[in-house]
Each structure stands twice: as structure tokens, then as C-alpha cells.
Amino acid sequence: MISNQRAPHFVLEPDAVEILRRFGIPYPESEFVREAAQVASAAERLGYPLVMKIVSEDIVHKSDAGGVAVGISSAREAAAAYERILTSVRAYQPAAVIQGVFLCRMAEKGEEVIIGTVRDEIFGPTVMFGLGGIFVEILKDVTFRVCPVDQEQALEMIREIKGYPVLAGTRGREALAVSRLAELIVKVSRLAVELPGVAEIDLNPVRVYSHEVTVLDARIFISPPAREPEA
């Protein structure tokens, strides 16, 4: 699944999700569909509502290409969404090679956070955590640690961001699953260490509820570490 022989590249999302699941990282029920004839039956197996995403190595930002459909509630809607997505993507990037679409059960609304890793030339893999939306885009309310981290270090990361009260529960809001979120950060940090070909991980958004967390979108960038010169 992770080849050190290829040039640097983003892993297709179905493969990225399989990597996450190997490390116990939760992701909604999903199915990779390669052909139009498979869409309706896959949708019926998964149940509704669904999200559909384009699968192509040439399309990294799927929404920009019109490669995402949400709220699909029937096999007929799934078939129509498939055709609409392929038409949009081909108009956006005619030369794109399309492998298929990724069907996922649509998650309930919840608080959104972001978890990621980068491989630093000096420190090696580092893990990042922050609240999603305006907190990360404008306020830059994020925190970093060198991988791997343990449960207590992950909890420290969560508590030190300015937006922590949103997760802890304030003004009558329900407290969210902070311990489960810390467990997720630990697993992501371990993935970054145990798979040295992984240069970057971007889990955005990760949705947090009162008793659980789940990843809703995953990007993994593969770039084998440079070999040290032989003596």
C-alpha cells in the first residue's frame, strides 16, 4: 500500500482510510466504487444518508473540482451524483485519471477539530492538533509535539489550545469526548513513526461527539525519507 519506489504522491483516500483503520483510527462505513453500475448496490449496502467523493490521484482538493456530493438519500440520487461528479471533475481537469468514487456514511453534526503530522528534517515526525474552522484558519490556534506522544501528552495538547473550553463544555454545552480525542492523537502519532514513508497526514475534519470521535476526511502524503550518505 505504501511504496518507497514511487515518486512523492498523495495516497488515494480509500487506501488512506485502510491505513488509518490498521492503526485503530475510526472512519465512517465506506466503500470504493470503480464503475457506475456498482454505485446503486454499494449505496444500498451502506445505507443513507451518504457522502460521495471523487477518487483520483490528480484531484487533491475534491470540493474545488466539484468532486463531492452530500446528503445522498437513495440509490437514484447516488447514481445521479456519480454522473454529476464525473462531469464536474472532467470539466475542471480534463486530463485527470479517475479511479472511481468513495461512498461513505454521512456523520451527524458535531464539533470539528484537525489533526495532522509533518516530517521535520531535524525532529522527525511531529503531530499537530487544533480546533477546526476559524480557530485554525484565522486564529492559528494549534499546538505541536514530537512523535510519538502518549495519552497524557495528547491531553496536554488538547488543554493548551485557546479553544479548549469548546471541547470541555461551557455555558451549558455538553462536554465532548476529550479522552477519546487524546487516544486518536496518540494513534496518529504512532502511525507517523511506524510508517516512515509517510511525510504528511491531514485529518480534516475530525468530528468530536460526547462519547466518540471519527475522522471524516483523510489525506496522506508519501515521500520516502532521504537516505543518509554512505561513509
**Fill in**
Checked the chain with the C-alpha gyration tensor, a ≥ b ≥ c its square-rooted eigenvalues, rounded below a/c of 1.5, otherwise prolate if a/b is larger than b/c and oblate if not; verdict oblate
**Under 11 Å, Cβ to Cβ, from GLN99 - net charge with Lys/Arg +1 and Asp/Glu -1** = -4
**Message:** In the range 111-222, if the dipole is taken from +1 on Lys/Arg beta carbons and -1 on Asp/Glu beta carbons about the Cα centre, which of THR117, TYR164, PRO205 is farthest to the positive end?
**Reply:** TYR164
**Request:** Let me know the longest stretch in the chain that avoids all trypsin sites (Lys or Arg not before Pro) found in a DSSP loop with at most 14 other C-beta atoms within 10 Å.
**Result:** 35-108
**Prompt:** What FRET efficiency do you get for TYR92 and HIS9 if R0 is 25 Å and r is their Cβ-Cβ distance, rounded to the nearest 0.05?
**Reply:** 0.80
**Request:** Only helical DSSP H runs with n ≥ 4 go in: add -39500 (n - 2.57) per run for the chain, normalise by residue count and round the 222 nm mean residue ellipticity to 500 deg cm²/dmol.
**Result:** -9000 deg cm²/dmol
**Fill in**
Taking Lys and Arg as +1 and Asp and Glu as -1, residues besides ALA192 with C-beta under 14 Å from its C-beta add up to +2
**Residue list for the range 86-127, given a label point 7 angstrom along the Cα-to-Cβ vector of GLU156 and an amide N cut-off under 18 Å** = 123-127
**Prompt:** If you take the square roots of the eigenvalues of the alpha-carbon gyration tensor of the range 104-218 and sort them as a ≥ b ≥ c, do you get rounded (a/c under 1.5), prolate (a/b over b/c) or oblate?
**Reply:** prolate
**Fill in**
Against the 2.2 N^0.38 Å rule of thumb, the C-alpha Rg of the range 29-105 sits at a ratio of 0.98
**Fill in**
Karplus-derived 3J(HN,Hα) from phi for the range 163-175 (6.51 cos²θ - 1.76 cosθ + 1.60, θ = phi - 60°), whole Hz, x at Gly and Pro, runs x, 3, x, 4, 7, 6, x, 9, 6, x, 6, 6, 5
**Cα-centre dipole for the chain with unit charges at Cβ (Lys and Arg positive, Asp and Glu negative), debye to 20** = 400 debye
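Values quoted throughout were computed directly from the atomic coordinates according to the rules given, and no laboratory measurement underlies them. Since we're looking at a predicted model, the values are computed, not measured. A quick note on method: Cβ atoms are made from the backbone with ideal geometry, for glycine too, and the neighbour counts reach across all protein chains shown.
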